[in-house]
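So the structure is just underneath, and the comments pick up after that.
Throughout, read-outs are computed from the coordinates displayed, never taken from laboratory work. In this text the structure is predicted, and so the values were computed from the model without any measurement. Cβ: placed from backbone, ideal geometry, glycine included. Neighbour counts: every protein chain shown.
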Amino acid sequence: MKKALVLFFFSLTTWMFAQTPAGLHGKVADAATGETLAGASISVQGLGTFTTDFDGYFDLTSLQPGTYKVVCQYLSYSNKTLEIEVKAGETLSLQINMEEPAIDITKGVSAASVSPATATSSMKSTN
């Protein structure tokens, strides 16, 4: 009888921990300045897309334990992709530092010049 009771409580405890949801929260900021980025897009594979609040924070609760791919996007910044693992009953905290893309200034933009005569002849009236 004791063995059956111990086995029952062990099974119950295992089941309770297996059903305990996980959480994910964090902050998105500029890597150079540390300024938080309000409205950054956080996509969590299999769950959807969320947006950071006015202070650059996000908070996701009731996640199933497991591994997730997280993609953070913000206008004029390079996308940041992370693979995370959340465990039952735990809340994982992330600090996502976004970087502005490097701009190669050695490659110039070529501009064509048009002579006034050419521009005028190509803009003839079609009346």
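Table for the structure above
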item	result
Residues SER41, SER78 arranged by fewest to most Cβ contacts within 10 Å	SER78, SER41
Cα centre as origin, Lys/Arg/Asp/Glu Cβ charges: the stretch 20-100 dipole, Debye	260 debye
Radius of gyration, Dmax [the stretch 20-100; alpha carbons; angstrom]	12.2, 38
Likely footprinting exposure, TYR57, TYR74, fewest C-beta neighbours within 10 Å first	TYR57, TYR74
For LYS80, net neighbour charge (Lys/Arg +1, Asp/Glu -1) across residues whose Cβ lies under 14 Å away	-2
Among THR52, GLY89, TYR77 the positive-end extreme of the charge dipole of the stretch 52-97 (Cβ point charges)	TYR77
